[in-house]
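The values are calculated or read from the model by the stated rules, or taken from the named source; none is laboratory data. Owing to the predicted nature of the structure, the values given are computational and were not obtained by experimental measurement. Because the Cβ atoms are built from the backbone with ideal geometry, glycine has one as well, and the counts that use them run over all protein chains shown.
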Amino acid sequence: MKLDDLLQQDSEWVKGTGPNSNIVMSSRTRLARNLDKFPFSNWANKKQLAEILAIVEGAVRSTNFLKNSLLLKIKDLSEVDRLFLVERHLMSLDHTKNPEYKALVIDPKEVVSVMINEEDHLRIQVLQSGFNLMEAWRIIDEIDTELSKHLTYGYSARWGYLTACPTNTGTALRGSVMLHLPALVFTGQTGKVLQATAKLGLNVRGLYGEGTEASGNFFQVSNQASMGRPEVDIIDNIERIINQIISREETTQKALLGKNKEAVVDRVWRAYGTLKSAHIITSNETIALLSTIRLGVDLGIVKNLDKMLVNELLILTQPAHLQKLEGKLLSANERDVKRADLIREKLK
């Protein structure tokens, strides 16, 4: 398996399968772990970081789940390759910075990835398409159990798993879902819904997680704290709240066809027309227009258009993916032209 092989397969977060995949793009679980008797990554010296990397790499190769995975040293990757992995939701933007002694492990199906020497020594992540959070937890729990046979984690009987950021201490579990909420945005309800979500103990972030803003009506929702309750309870709480948001979005979508049908139909076909005819288009505009078309497909306004194609365009039109497809670096203007060419070709 090579990095470029990922271009030939569907990213897990845009497959469009799994429960409630019309609203929930993907589910993710993430565990933070640190090796006992080593400083956290930001405090460790070069020798310690190199040792951590070697220890974790050996443990990964010894597990059944990850032994055939691709292991990439971040310092050996080009800037485009690093961004490519971020766009596929396999690693964080922070992991691209200060790349010495950092690595990324990816399983062949892009379900599992492990960041080594990010904020914590290990950031284990599992992605599942659709609303499949409990299955993502089951997989990551199995992987964590395997790794713990080869690694000794920093752990306190009082505080739980020790992490670089205090909010991760405890179970060190983050569960999150990527929601597509175009109807709630269209009707101006998003603010109230997401404020209520925050009061119930969940964070709301943008398309690429912490530090990013929502774009294209996509929102990433995750638990705020991981201390004081078992992992399954954390997952249950997230699922309960997300189910309420799903119900609200579905109800609003149905209402749109009754009260605002002509306005919605007009917006959808304007978006479709723009994408089919544009010769220059930016990444942000593309995401917004594809989001509108995705709503049109869900509502039956746009027929004979596979939603999987819409999902695919969401990722193929991102800057690094365009450059990987072209096999060369492109300026911002060149990317905007190539993006429009790609969209017109795919929508023929």
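Does at least one position in segment 294-302 carry a residue that is more than 24 Å from the chain's Cα centre (by Cα) and farther than 25 Å from residue 15 by Cα?
There is no residue in segment 294-302 that is more than 24 Å from the chain's Cα centre (by Cα) and farther than 25 Å from residue 15 by Cα.
Are there any pairs with C-beta distances below 9 angstrom linking a residue in segment 326-348 that is surrounded by 15 or more Cβ atoms within 10 Å (Cβ to Cβ) to a residue that is among the aromatic types (Phe, Trp, Tyr), with the two at least 6 apart or on different chains, and if so which?
Cβ pairs passing all conditions: 347/272.
Report, by residue number, each residue of segment 175-202 that is more than 21 Å from the chain's Cα centre (by Cα), of a type outside the set (Val, Ile, Thr) and surrounded by fewer than 19 Cβ atoms within 10 Å (Cβ to Cβ).
Within segment 175-202, 188, 189, 191, 192, 195, 196, 199, 200 qualify.
Looking at this structure, is residue 320 in a helix (DSSP H, G or I), more than 14 Å from residue 218 (Cβ to Cβ) and under 17 Å from the mean Cα position of the chain (by Cα)?
Taking the combined requirement at face value, the residue satisfies it.
Give the residue, chosen from 257, 295, that is buried (at least 21 other Cβ atoms within 10 Å of the Cβ), in a helix (DSSP H, G or I) and either in contact (Cβ under 8 Å) with a residue 40 or more places away in the chain or touching a helix residue (DSSP H, G or I) at 6+ places or on another chain (Cβ under 8 Å) (or both).
295
Out of 91, 115, report the one residue that is touching a strand residue (DSSP E or B) at 6+ places or on another chain (Cβ under 7 Å) and part of a strand (DSSP E or B).
From the options 91, 115, the qualifying one is 115.
Yes or no, residue by residue, for (1) more than 16 Å from residue 235 (Cα to Cα); (2) outside the structural domain of residue 42 (by TED's automatic domain parsing); (3) surrounded by 24 or more Cβ atoms within 10 Å (Cβ to Cβ):
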| site | (1), (2), (3) |
| --- | --- |
| 100 | yes, no, no |
| 108 | yes, no, no |
| 114 | yes, no, yes |
| 121 | yes, no, yes |
| 128 | no, no, yes |
| 139 | no, no, no |
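Mind telling me which of the residues 31, 7 ends up being in contact with a Lys or Arg (Cβ under 9 Å, 6 or more places away or on another chain), in a strand (DSSP E or B) and either closer than 30 Å to residue 246 by Cβ or touching a residue at least 40 places away in the same chain (Cβ under 8 Å) (or both)?
Among 31, 7, only 31 is in contact with a Lys or Arg (Cβ under 9 Å, 6 or more places away or on another chain), in a strand (DSSP E or B) and either closer than 30 Å to residue 246 by Cβ or touching a residue at least 40 places away in the same chain (Cβ under 8 Å) (or both).
Can you tell me which residue in segment 42-101 is nearest to the chain's Cα centre (by Cα), limited to those that are small (Gly, Ala, Ser) and closer than 23 Å to residue 143 by Cβ?
Going through the qualifying residues, I end up with 92.
Is it the case that residue 33 is charged (D, E, K, R), farther than 30 Å from residue 183 by Cα, loosely packed, with under 15 Cβ neighbours inside 10 Å and within 28 Å of the chain's Cα centre (by Cα)?
Answer is no for this residue.
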